[in-house]
1. Taking LYS147 as the residue in question, decide whether it is on the phi < 0 side of the Ramachandran plot and in contact with a Lys or Arg (Cβ under 8 Å, 6 or more places away or on another chain).
2. Residue check: is SER128 assigned by TED's automatic domain parsing to the domain that holds LEU96, modelled with pLDDT of 90 or more, surrounded by 12 or more Cβ atoms within 10 Å (Cβ to Cβ) and among the polar types (S, T, N, Q)?
3. Restricting segment 111-153 to residues that are among the aromatic types (Phe, Trp, Tyr) and part of a loop (DSSP other than H, G, I, E, B), which is farthest from LEU181 (Cα to Cα)?
4. Taking the stated definitions as given, is SER156 in contact (Cβ under 8 Å) with a residue 40 or more places away in the chain, in the same structural domain as LYS110 (by TED's automatic domain parsing) and in a helix (DSSP H, G or I)?
5. Looking at this structure, is ALA187 hydrophobic (A, V, I, L, M, F, W, C), over 15 Å from ASN88 (Cβ atoms) and modelled with pLDDT of 95 or more?
6. Just need a number here: residues in segment 51-69 that are touching a residue at least 24 places away in the same chain (Cβ under 8 Å) and within 16 Å of the ligand (Cβ to nearest atom).
7. Given the residues VAL139, VAL80, VAL89, which is the only one that is surrounded by fewer than 19 Cβ atoms within 10 Å (Cβ to Cβ) and farther than 22 Å from VAL41 by Cα?
Amino acid sequence: MFFTQHTTRSSAQRRWRAVRRHWCYHGRRSFEAALPAHCIVCSARVFKPHWVCEECESQLIFSTSTHTHSGAQTSATPLVVHDGGLTNVNSFATSLEYSGIARELLHKWKFENQPELTPYLIDLALRSARPWPPVDYIVPMPMHWRKRLERGYNQSALLASALSRPLSQRQCRPLTVLSALKANAHAKPQHQLTREQRLRVAGTRIVAARPLPGASILLVDDVITTGATLSAAADCCRQAGARAVHAWTLTSAP
Ligand SMILES: [Zn+2]
């Protein structure tokens, strides 16, 4: 009797959900047809469910190169990625140049409370055919709890989470997002610091939050400027026992 009632209720719930899905889908389609979406950068009308129009998207500058240590070098040798260097990493890759449209997109995403842009940004990142390093964990750059409270989210954690599914499919095994690092100081935002200040404070802001014995890590951040923060984070991962540390940022400051 119990099982019969349970089955009946479940099937009624399933039917209700299907009806609700149907009306939500068609309601949304009708709404979009009546009020076409607009490009969030230039406000041009877009007739597909896209955030950015084709014209704006065509202005994005994609980066397809991956910086990797040669056999003779070690991970302690700096990788020269632009005007800065990156130490303690096995490889580094970035997807977009931080300028023009990409800069506007990131500004809206980070500072105008639009975390729903994350899947679109990851979609852009995955368009290049670059091979991603085989790793065990995706580790987002940490954010101090006070800053996370102000913003409402850690943008690197959003990227790491959105990246885990497509990378798991590519590697044919589940990848875990691990909060292995902790920001121990609530300093001024990075974009308000000079290059010298960034280099000075980088090593003091991040600590390892858990051991990583023998793990292969992909460090994830939204933008690289001097490389000092990523280098400090990579150093923390190595001290926690990681055997390989790769780094990826969505954008790179030119
Ligand atoms: Zn546009």
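The values are calculated or read from the model by the stated rules, or taken from the named source; none is laboratory data. Every value quoted in this text rests on a predicted model; they were computed, and no experiment measured them. Methodologically, a virtual Cβ is constructed for each residue, glycine included, from the backbone with ideal geometry; neighbour enumeration extends over all protein chains shown.
1. So LYS147 fails the test.
2. no
3. Going through the qualifying residues, I end up with TRP132.
4. yes
5. no
6. 7
7. VAL80
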